[in-house]
Each structure stands twice: as C-alpha cells, then as structure tokens.
Amino acid sequence: MNYINNDSIYGLMNRFCDYETEHSFWKTKKHTKKVICVNYVEDVSCQEVNYMYLDNPTGIKGEYSTNQIRSIINTSFLGNNLTRKNHREIFETVRKYYKKIRVRTSFEDFNKYYEKLIEMIETWRYELGYKYRWQEHAGIDKAFFMRCLNEDFFNNYFVYLFFLEDEDILVGYSVMSKRYSLNENGLNEVSYIIRKTLNIVNDKKLRNITEYIDWYTFQDYLIKNDLSEIIINWGCSSGGVEWYKEHKWPLYSKEEKWFVKVKK
C-alpha cells in the first residue's frame, strides 16, 4: 500500500501548492509545476513534474529510491498490556512521561495554541533541523496547520499537541488521518501525516520524547477507532530517521518507492 492518499498528500504541500487530485497537486499558484504520486503518468501540460512515491521505477535519468517503512501496532501497547517484557523501552518511556505530558486535541485548543505551535516549528527548524541537516519540511508543517484553521479540514485529522508539565512549554505535535483503509493483505492501515518533537528544552534533554509522542498517538488512535491492530505507514525516509522507524517499532514491511524530476 502506498503512503499517499487524499489525506496524507497534504503533508507534502507548502502554502503555495494547490490540491488537484488524490495523487497530485500543483507546486505553484500559476500551475507551472506539478507533483504526481504513486503511478507515472506523462504530463506535458506544465514546465516541470516531480514524481514522488512511485510504486515502480521509470528508468528516467536522475531517478532515485528510498524506503517506505510500515509498522504493525496492536493492543500489546495499550494499558496493562504494555509491559517491560513485551516492549521494554516503550514501557519505561511511558512510565517516565505519562504524568509529565499534557495532551490537547480539540479544535478550540488548536486555535488557542496556534501561535505557540508556529513558534515551536521555528524553534525546531533552527535548533534541530538546520543543526543536523535534516529534511526539515518546517514550511510544509506550517502550511498544513494553516489549513487546519478551517474546522472542516481539521476534522479530517487527529491533531495532538504535547505540553511538558507547564502548558507554556510545547514539546511536540503529531497528526494522523482519521480515515484508514484496508491494505493489500486486508489489514487496517493509516498514514502518519506529520510529527515533530523538541528533545532539548531549557538545556534539559528529553530522552525518548519522540518515542513517547509516537506511542501516545498510536495507542490513542487504536482506542478512538476501537481497533485491535493498525498498520502505521510512516512514508519514506533515510539515515537515522529510517533506522528509528525500522528498529524502534515492530516492522511490518520495508518497500522501495521512486522519485524523479522531469523538466521540459
């Protein structure tokens, strides 16, 4: 199953992009550049086409591939089912943060903390994204949350804001599509749209805060949808980010997806 769908595609779009279809969007307001996902379709209507998350290689010069990771999350992560024996690191992380983190999910809270959210994204960009030379996508996250100011758009997603002890300290956010679908093996699958965390606050290192935010997001998703199991599609990545997805959570699959840019 491909990461891209009608909800996750917004996790690729900056504020200048216009939605076109479930698998494509315009990169520019003048519609001179386009992104097409999943399947290669020749398009000569614009100056440039970026193909992303293609299921198959095209053979076009400059093409490259990265790995799409999927994890399998079930009720062993929930409540008393989560033990040191079955998921030791996650268990200890949950014990560490469960009473220290406050989570806000409502549209009213999102509006209340919107400016703080944008500030956190900029902090992440300059203190972590640039420092470690990550593909930080901060502008895309800001554009996504700008769209969330429309309540109809917001209601398509579970949006989580994580505050450390005092609500003045926003340390992370995550977003999941409310809609899930059956994958090629008949299992429920959902794309993880966006997530960022601050692992250092006031010179204090928040060890494993990312794992905690992911755990909370996954277990809350199972509970809210009354599911016993869900496949989490993380999308594509490389390096340390890919390693985290592959090794910190139960691996379901690892598949190549292809990317290439075509200019007239």
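For the condition outside the structural domain of residue 38 (by TED's automatic domain parsing), more than 30 Å from residue 152 (Cβ to Cβ) and among the β-branched types (Val, Ile, Thr), what is the one hit in 190, 201, 175?
Details: 190 fails: more than 30 Å from residue 152 (Cβ to Cβ); 175 fails: more than 30 Å from residue 152 (Cβ to Cβ).
Going through 190, 201, 175 in turn, the sole match is 201.
Could you list all residues from region 12-33 that are over 23 Å from the mean Cα position of the chain (by Cα) and crowded, with 16+ Cβ neighbours inside 10 Å?
33
Report whether or not residue 58 is outside any helix (DSSP H, G or I) and more than 20 Å from the chain's Cα centre (by Cα).
On the way: outside any helix (DSSP H, G or I): yes; more than 20 Å from the chain's Cα centre (by Cα): yes.
Criteria met by residue 58.
Are there strands (runs of 3 or more DSSP E) fully within region 132-245 with at least 1 residues that are more than 30 Å from residue 256 (Cα to Cα) and among the aromatic types (Phe, Trp, Tyr)? List them. Outline the logic, then answer.
Working: elements: 157-164, 170-177, 188-197, 229-237.
Because the criterion is at least 1 residues that are more than 30 Å from residue 256 (Cα to Cα) and among the aromatic types (Phe, Trp, Tyr), the strands (runs of 3 or more DSSP E) in region 132-245 that meet it are 157-164.
Of all residues in region 62-91, which are under 27 Å from residue 239 (Cα atoms), touching a residue at least 40 places away in the same chain (Cβ under 8 Å) and not aliphatic (A, V, I, L, M)?
Going residue by residue through region 62-91, those that are under 27 Å from residue 239 (Cα atoms) are 62-74, 77, 86-91.
Keeping just the survivors that are touching a residue at least 40 places away in the same chain (Cβ under 8 Å) gives 62-74, 77, 89-90.
Those that are under 27 Å from residue 239 (Cα atoms), touching a residue at least 40 places away in the same chain (Cβ under 8 Å) and not aliphatic (A, V, I, L, M): 62, 63, 64, 65, 66, 67, 68, 70, 71, 74, 77, 89.
How about region 246-258: which of its residues are surrounded by 20 or more Cβ atoms within 10 Å (Cβ to Cβ) and not in a loop (DSSP other than H, G, I, E, B)?
At the first step, the residues of region 246-258 found to be surrounded by 20 or more Cβ atoms within 10 Å (Cβ to Cβ) are 249, 257-258.
Listed by number, the residues that qualify are 257, 258.
Can you pull out every residue in region 37-61 that is of a type in the set (Val, Ile, Thr) and touching a residue at least 12 places away in the same chain (Cβ under 8 Å)? Working first, answer last.
Filtering region 37-61 for residues of a type in the set (Val, Ile, Thr) gives 38, 41, 44, 49, 58, 60.
Of everything in region 37-61, those that are of a type in the set (Val, Ile, Thr) and touching a residue at least 12 places away in the same chain (Cβ under 8 Å) turn out to be 38, 44, 49, 58, 60.
Go through region 34-46 and give me each residue that's within 22 Å of the chain's Cα centre (by Cα) and crowded, with 16+ Cβ neighbours inside 10 Å. Show your work before the answer.
So in region 34-46, the residues within 22 Å of the chain's Cα centre (by Cα) come out as 34-39.
Listed by number, the residues that qualify are 34, 35, 36, 37, 38.
Restricting to region 16-28, give me the number of residues that are outside any strand (DSSP E or B), in contact with a strand residue (DSSP E or B) (Cβ under 7 Å, 6 or more places away or on another chain) and more than 21 Å from residue 177 (Cβ to Cβ). Break it down stepwise before answering.
In the first step, residues of region 16-28 are kept if they are outside any strand (DSSP E or B); the result is 16-17, 22-23, 27-28.
Adding the requirement that they be in contact with a strand residue (DSSP E or B) (Cβ under 7 Å, 6 or more places away or on another chain) leaves 17, 23, 27.
Within this subset, residues satisfying the condition of being more than 21 Å from residue 177 (Cβ to Cβ) are 27.
The number of residues fulfilling the criteria is 1.
Yes/no per residue for (1) assigned to a helix (DSSP H, G or I); (2) surrounded by 14 or more Cβ atoms within 10 Å (Cβ to Cβ); (3) among the β-branched types (Val, Ile, Thr):
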{"site": "73", "(1), (2), (3)": "no, yes, yes"}
{"site": "80", "(1), (2), (3)": "yes, no, no"}
{"site": "86", "(1), (2), (3)": "no, no, no"}
{"site": "91", "(1), (2), (3)": "yes, yes, no"}
{"site": "99", "(1), (2), (3)": "no, no, no"}
{"site": "110", "(1), (2), (3)": "yes, yes, no"}
{"site": "122", "(1), (2), (3)": "yes, no, no"}
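Return yes when residue 49 is part of a strand (DSSP E or B), more than 23 Å from the chain's Cα centre (by Cα) and at pLDDT 95 or above and no when it is not. Before the answer, list the steps.
Details: part of a strand (DSSP E or B): yes; more than 23 Å from the chain's Cα centre (by Cα): yes; at pLDDT 95 or above: yes.
When the stated conditions are applied, residue 49 passes them.
Within region 142-169, how many residues turn out to be modelled with pLDDT under 95 and surrounded by 14 or more Cβ atoms within 10 Å (Cβ to Cβ)?
Here is the first cut: in region 142-169, the residues modelled with pLDDT under 95 are 164-169.
Restricting the remaining residues to those that are surrounded by 14 or more Cβ atoms within 10 Å (Cβ to Cβ) gives 164, 167, 169.
Result for region 142-169: 3.
The values are calculated or read from the model by the stated rules, or taken from the named source; none is laboratory data. Owing to the predicted nature of the structure, the values given are computational and were not obtained by experimental measurement. As a convention, Cβ positions derive from the backbone with ideal geometry for all residues, glycine included, and neighbour counts pool all protein chains shown.
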